[in-house]
1. Can you name the number of the only condition in (1) surrounded by 18 or more Cβ atoms within 10 Å (Cβ to Cβ); (2) in contact with a helix residue (DSSP H, G or I) (Cβ under 8 Å, 6 or more places away or on another chain) that residue 62 fails?
2. Could you please give the count of residues in region 53-79 that are part of a helix (DSSP H, G or I), under 17 Å from residue 17 (Cβ atoms) and either within 10 Å of the chain's Cα centre (by Cα) or of a type in the set (A, V, I, L, M, F, W, C) (or both)?
3. Return the pair list, or none, for Cβ contacts closer than 6 Å from residues in region 37-54 that are under 11 Å from residue 76 (Cβ atoms) to residues that are modelled with pLDDT of 95 or more and of a type in the set (Lys, Arg), at least 6 apart or on different chains.
4. Only one residue in 21, 5 is surrounded by fewer than 18 Cβ atoms within 10 Å (Cβ to Cβ), without any contact (Cβ under 8 Å) to a residue 60 or more places away in the chain, of a type in the set (D, E, K, R) and under 13 Å from residue 58 (Cα atoms), so which one is that?
5. Among the residues of region 43-54, is there at least one that is under 15 Å from residue 13 (Cα atoms), at pLDDT 95 or above and in contact with an Asp or Glu (Cβ under 8 Å, 6 or more places away or on another chain)?
6. Do you know which residues across region 9-45 are assigned to a helix (DSSP H, G or I) and either more than 13 Å from the chain's Cα centre (by Cα) or among the acidic types (Asp, Glu) (or both)?
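The values are calculated or read from the model by the stated rules, or taken from the named source; none is laboratory data. Quick caveat, the model's predicted, so the values are computed rather than measured. Ideal geometry is used to build each Cβ from the backbone, glycine not excepted, and the neighbour counts take in all protein chains shown.
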Amino acid sequence: MLNIELDQTENGLTICRPVGELDAFTVSQFRQTLAELASSPRLLIDMSGVPFVDSAGLGALIGGIRRARELGGDVAVACNRPTLTRLLRTTGFDRIVTVAETIEEAAAALEPRDDRDGGRGSEQT
């Protein structure tokens with residue numbers, strides 16, 4: 001069984017928290033949720049409540065990220081489970097999206113560019 005919790009922060013960050021195994025039996029619910037969230041400008045997927053992901057789950061995750069980016073959004077993944085993090089790194093997933101150990105680190109990766117460079121932006125003087 002898979003439960004999906006959704007949160008919206010005050011600064012406009014959408015957090016999707018799947019809780020349970022993400023496999024061929026539960027992937028359709030996850031895929032549908034990601035499709036509904038694809039228009040979110042900043043989406044954080046917190047995988048800390050997912051003990052297992054199979055290839056169908058990984059495919060849904062990649063598809064959801066692709067859709068969000070096609071619509072101009074930015075996505076990061078928080079994952080504190082060593083086995084799942086190893087899977088994401090082994091498959092090269094971490095080369096297409098930020099994979100952070102904590103929600104705070106993933107959220108920081110989604111901050112607007114101007115906030116990340118100390119407010120300097122790309123202005124030239």
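1. (1)
2. Initial filter on region 53-79 (part of a helix (DSSP H, G or I)): 55-70.
Now drop any that are not under 17 Å from residue 17 (Cβ atoms), which leaves 57, 60-61, 64-65, 68.
Subsequent filtering for residues that are either within 10 Å of the chain's Cα centre (by Cα) or of a type in the set (A, V, I, L, M, F, W, C) (or both) retains 60-61, 64-65, 68.
Of the residues in that region, 5 qualify.
3. From residues that are under 11 Å from residue 76 (Cβ atoms), the pairs are 46/17.
4. 21
5. Filtering region 43-54 down to residues under 15 Å from residue 13 (Cα atoms) leaves 43-46.
From what is left, the residues that are at pLDDT 95 or above are 43-46.
In the following step, the residues that additionally are in contact with an Asp or Glu (Cβ under 8 Å, 6 or more places away or on another chain) were identified as 43.
Yes; the residues of region 43-54 include at least one that is under 15 Å from residue 13 (Cα atoms), at pLDDT 95 or above and in contact with an Asp or Glu (Cβ under 8 Å, 6 or more places away or on another chain).
6. Looking only at region 9-45, we keep the residues that are assigned to a helix (DSSP H, G or I), and these are 27-37.
Listed by number, the residues that qualify are 27, 28, 29, 32, 36.
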